[in-house]
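The values are calculated or read from the model by the stated rules, or taken from the named source; none is laboratory data. Please read these numbers as outputs of a predicted model, since none were measured by experiment. Don't worry about glycine lacking a Cβ; one is built from the backbone with ideal geometry, like all the others, and counts go over all protein chains shown.
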Amino acid sequence: MHWPRHLSTTTPLAGRIVPGPTDGELHVACTGEGVWFVKAAASCTLEDVNYLDRRPLMISDELLIPSPPPGIEQTELSFLMQVTEFKCGGFAVGYVNSHMMLDAVGLGQFIGAICEMARGLAQPTIGPVWCREAIPVPINQIKEAPSTPTPTPFVLEHHTMDVSLERINQLKNQFMQETGQRCSAFDILAAKIWQCRTRAIGAPPRDEVTLNFPANLRRELRGRLPPEGGYYGNCFCDIMVEATSEKIAKGPFFDVVRMIKEAKESFLPETSGWFRGDRIIRYGKLSLSDLRRVGFFEADFGWGPPDHVVPLMNHPIGLCNIVNSPVPDRSIRLLTQCVAKEHLEAFKEEMNQLA
């Protein structure tokens, strides 16, 4: 029973999200009603469902994540948790959280604190910090592609692929030899996914395609945030890279790597999409999230870290999550949901070049 102790230091997460009485903006009511926790049991073993490996899973996503209690809308809750025990004794831990309250780093910190208390610590190593007044308020607006009607929601297909560290390092070394510059594994993977997807969907050459990915702003805002760390709210911005379909699909691969690398190095938080509130909704956009270092893979409730982590989100635009492959494999896993059914086979063929 470690929830009450940790929630006493993260009071807002135990409250409810409510509209303000006059301004209509969302506020947190610190009601102390707590976090919704569900204990579930499965009638199968993890082996029966392939150890929850690769999406779509062999078990419905809805069975692994908590639903809100009767009479409560999920939008009112900041965090929900479910532990599902399988017949073999293994278990899965499912979370649902409000992105208005926690970004990925904040969620990883919150889960890590629960794990530390489950292992017997009196207080988490990193104490939670609210401090929302330190973060500039973005403009909440949706910007659709100009001269286009409101888009129909896309039905996007799943594809999972593991990429060896040896292959990634090979491409990083080739980039160094060709340009004299270093690049990261993220730069390589982002460029390859973006180029493969752009080729697969076959957009007209002059159409604009967009890649966006979050950047953690905690370092840039260290003068505003407490130096001891612990801020768990949203503290990121979207870095956006834009080009014509032709430039990405037909251009040299290392040129695409260079574009992403330069966008990361030159972005200014004050002019980024996070502060403007830009959200372009169209099929030509791809969103990428690297979840390897936000704390999910270090979560240890007392039995060691998880075998693997599977984000179960569905997105209205193309999405790829970069995660670690299941142990003991030392590869990087790409969990994509970014192309329509008619483009899936072409996307797989393009991505196979990375294997």
| note | Of the listed residues (124, 153), the one being touching a Ser or Thr at 6+ places or on another chain (Cβ under 8 Å) and either within 30 Å of residue 221 (Cβ to Cβ) or modelled with pLDDT under 95 (or both) is 124
| said: Here's a check for you: in segment 73-93, which residue that is assigned to a loop (DSSP other than H, G, I, E, B) and touching a residue at least 40 places away in the same chain (Cβ under 8 Å) is surrounded by the most Cβ atoms within 10 Å (Cβ to Cβ)? | reply: 77
| Residue identified as touching a His at 6+ places or on another chain (Cβ under 9 Å), in a helix (DSSP H, G or I) and small (Gly, Ala, Ser) among 200, 191 | 200
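Out of the residues in segment 314-355 meeting the condition of being assigned to a strand (DSSP E or B) and of a type in the set (Ser, Thr, Tyr), tell me which one is surrounded by the fewest Cβ atoms within 10 Å (Cβ to Cβ). Steps first, answer last, please.
At the first step, the residues of segment 314-355 found to be assigned to a strand (DSSP E or B) are 318-324, 331-340.
Within this subset, residues satisfying the condition of being of a type in the set (Ser, Thr, Tyr) are 331, 336.
Working: 331: 16, 336: 26.
Residue satisfying both the conditions and the ranking: 331.
Pick out the one residue from 67, 43 that is modelled with pLDDT of 95 or more and surrounded by fewer than 18 Cβ atoms within 10 Å (Cβ to Cβ). Lay out the reasoning, then the answer.
Values: 67 fails: modelled with pLDDT of 95 or more.
Matching residue, one of 67, 43: 43.
Just wondering, is there one or more residues in segment 206-227 that are among the polar types (S, T, N, Q) and under 14 Å from residue 354 (Cβ atoms)? Spell out the reasoning first.
Start the filter on segment 206-227 by keeping residues that are among the polar types (S, T, N, Q), which leaves 210, 212, 216.
Adding the requirement that they be under 14 Å from residue 354 (Cβ atoms) leaves none.
For segment 206-227, residues among the polar types (S, T, N, Q) and under 14 Å from residue 354 (Cβ atoms): absent.
Go through segment 30-65 and report how many residues are of a type outside the set (S, T, N, Q) and in contact with a helix residue (DSSP H, G or I) (Cβ under 9 Å, 6 or more places away or on another chain). Before you say what the answer is, go through the steps one by one.
Just the residues of segment 30-65 that are of a type outside the set (S, T, N, Q), to begin with: 30, 32-42, 44, 46-49, 51-59, 61-65.
Then keep just the ones that are in contact with a helix residue (DSSP H, G or I) (Cβ under 9 Å, 6 or more places away or on another chain); that gives 30, 32-35, 37, 40, 42, 46, 55, 57-59, 64.
Total satisfying the criteria: 14.
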| field | Which numbered condition residue 107 misses (of (1) closer than 27 Å to residue 290 by Cβ; (2) part of a loop (DSSP other than H, G, I, E, B)) | value | (2)
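Determine which member of the set 96, 105 is without any contact (Cβ under 8 Å) to a residue 60 or more places away in the chain and closer than 29 Å to residue 235 by Cβ.
Working: 105 fails: without any contact (Cβ under 8 Å) to a residue 60 or more places away in the chain.
Residue meeting the stated conditions: 96.
Matching residues to (1) of a type in the set (D, E, K, R); (2) assigned by TED's automatic domain parsing to the domain that holds residue 200; (3) at pLDDT 60 or above:
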site	(1), (2), (3)
267	no, yes, yes
275	no, yes, no
283	no, yes, yes
292	yes, yes, yes
295	no, yes, yes
301	no, yes, yes
305	no, yes, yes
308	no, yes, yes
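Could we say that residue 90 is in contact with a Leu (Cβ under 6 Å, 6 or more places away or on another chain) and over 15 Å from residue 37 (Cβ atoms) here?
On the way: in contact with a Leu (Cβ under 6 Å, 6 or more places away or on another chain): yes; over 15 Å from residue 37 (Cβ atoms): yes.
Considered against the rule, which asks whether it is in contact with a Leu (Cβ under 6 Å, 6 or more places away or on another chain) and over 15 Å from residue 37 (Cβ atoms), residue 90 comes out as yes.
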